[in-house]
1. Among B:221, B:202, B:276, which residue has its Cα furthest toward the positive end of the charge dipole of segment B:174-301, with +1 on Lys/Arg Cβ and -1 on Asp/Glu Cβ?
2. Return a whole-number percent for the relative contact order of segment A:191-334, with Cα pairs under 8 Å and 6 or more residues apart as the contact set.
3. Once amide H atoms are placed 1.01 Å from N in the peptide plane, what residues at a sequence separation of 5 or more from residue B:263, or on another chain, have their amide H within under 5 Å of its amide H?
4. In terms of Cα to Cα distance under 16 Å, which aspartates and glutamates are near enough to residue A:158, apart from those fewer than 8 places away along the same chain?
5. Using only the Cα atoms of segment B:76-199, what are the Rg and Dmax in Å?
6. Round to the nearest 10 and report in Å² the accessible area of residue B:270, as given by a 1.4 Å probe over the protein chains' heavy atoms.
7. If each DSSP helix of 4+ residues adds -39,500 (n - 2.57) and the sum is divided by the residues in the protein assembly as shown, what number results at 222 nm, nearest 500 deg cm²/dmol?
8. Point me to the residue of chain A whose C-beta lies closest to the A-onto-B rotation axis, rounding the distance to whole angstrom.
Number of protein chains: 2
Amino acid sequence: MKSFLFLSLLLPAGGFTASSWAQEPIQVIEPVSIKNAAKVELGKKLFFEPRLSKSGIISCNSCHNLASSGTDNLPTSIGHGWAEGPINSPTVFNAGYNLAQFWDGRAADLKEQAAGPIVAEKEMASSHDIVVKTLAGIPQYQAEFMAVYGGGNINIDKVTDAIAAFEATLVTPNSDFDLWLKGDGDVLSAKQIRGYQTFKEIGCIACHNGPAVGGNSYQKMGVVKPYLTKNTSLGRYQVTSRAADKNVFKVPTLRNIELTAPYFHDGAVWELGEAVNVMASIQLGRTLTVQQTSDIVAFLKSLTGERPQILLPLLPPSPEMMFKGTDEVRLADE
Amino acid sequence: MKSFLFLSLLLPAGGFTASSWAQEPIQVIEPVSIKNAAKVELGKKLFFEPRLSKSGIISCNSCHNLASSGTDNLPTSIGHGWAEGPINSPTVFNAGYNLAQFWDGRAADLKEQAAGPIVAEKEMASSHDIVVKTLAGIPQYQAEFMAVYGGGNINIDKVTDAIAAFEATLVTPNSDFDLWLKGDGDVLSAKQIRGYQTFKEIGCIACHNGPAVGGNSYQKMGVVKPYLTKNTSLGRYQVTSRAADKNVFKVPTLRNIELTAPYFHDGAVWELGEAVNVMASIQLGRTLTVQQTSDIVAFLKSLTGERPQILLPLLPPSPEMMFKGTDEVRLADE
């Protein structure tokens, strides 16, 4: 740390070609080192497991698609019975950096979050009881839970703990901006650096900072001007019932923002430039020049990192006794 | 080949402990060697591409889930608008061995098949024109199609050709039965070998033969007794309009059959033993003993192969001009 600070003193004033993360309000996202590979592998299976849903076709990956952007790129998700979800699905990439989960922060962490959609009527429409019984009826899951958690029955606590362990690995390191933060001065264009400077100067950085460039505070959507939306969510107010929390939402991460359209909790805005302008207007009371918007968008695109390489899990089959068979056939013992 | 035959002469009569594929009506499935890796990779992206659907959430993988069994394990699939499909989704694993695609064989091959669900109202509900325009608007797809197919525009012919090239790689080699066919006498239990013998003796083998243990002929569902079902499909009749083709379907593969419940074109039967008994009854006019059914089920489970290891593709983002943005913001040139 000290050597970085010392080094910075040697840089010419305004020499904005390279930097060290210690000096910047945005920090590098580092690759994760997996400590409990068996738990992460179990969590991956569960993340892709459609039997967590009532229909048998919806998994975590349905709305947080790891092949695209960790989200479904829809204004709001489509769930059980083709129901429209109430709010935009946030990306699961780098979600472990969030101070809490969901737009209103009603879940403390990834583990608590994972329990929600399973039982939400418009999402997976199942119950924790059914999910636990389903998994417990599958011998391979029994063995894997045993290997990871030792004895005792499968329960929703273990299910969501494993899913969270997998999700915590879904970080996107090595974005151009990270490489630049680490000292590679050539990787960002002059336009991108100018965009970053503007991003800091006009005040975006006040909320979008830290390793995830957001996700670490709650803020009112519409500080200077109200945000007009058909979405009925009242944000944090739904959790705290405090009047001051009306329309207060968790600040979303800007990591991989070019991949995660449409934007905002209502998913109403598809263009990144428009999203920047709306934010500047309603949060900061500013009208950006075309050049400023364009520069900031160029900077934001430098936040696209390396998406995780996921080997698709091979889900264990359901045993026959779980099937809705008749009693006509009884098989002889082996 | 000759040495195998020679070897077999040395086996004691009834020495049913090992075999060579040359002698058996079921042949080994071999791993595929990929010739055009770029095409297969492009096809994999398209297989997982939800933008092939009107909603943006349904891909080939939705109903042919490569994390489970190459199917969705539902009686009939759920598609656009939560519509129920008309017929059970067959597994995509080893589908390249089929003499034709779909239960009624209306598509000649994997390529022709891939074009169907994209436009089916109850499946992806899109159009070939929209899909081609969508893909053509994504620079990374433009580059990949160029690399694979040379010049010229993206068209549905190339899209389905690439999907088919990927699907042709989805084989499941090295099942216990294949190892046994190759001469490893220890891998099957006595019960499984007895089940195979029964399978051959009572006549199942007449239709379920070849490398895919099926998929290579059309047969009437209900040769001896009618098959009672609520499903309205008339099978091959829908393709040929010949009265003799009523209720004639492509014989499904029995590879990985323990993974692909529920069974039959209507997906009405969830238990493998029940499926065996129904087939014996309506196709062969036989009532199996509990032991015979159990033995055949044990044999069928030896047909479960190694499922393909799929590295989830990373789908390219949609460019901003494709988004439903307003004209309010126009970005300056870079």
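1. The residue sitting farthest along the positive end of the dipole is B:221.
2. About 29 percent, as a whole number.
3. For residue B:263, the qualifying residues are B:268, B:269, B:270.
4. In chain and number order, the partners are A:41, A:49, A:109, A:112, A:129, A:144, A:167.
5. Answer for segment B:76-199, Rg first and Dmax second: 19.6, 58 Å.
6. 30 Å²
7. About -9500 deg cm²/dmol.
8. A:82, 2
The values are calculated or read from the model by the stated rules, or taken from the named source; none is laboratory data. If you're wondering where the values come from, they're calculated on a predicted model, not measured in any experiment. Using ideal geometry, Cβ is built from the backbone for each residue, glycine included, and neighbour counts are taken over all protein chains shown. Areas reflect the complete protein model, heavy atoms only, side chains present, ligands, DNA and RNA absent. Shrake-Rupley method; radii C 1.70, N 1.55, O 1.52, S 1.80 Å.
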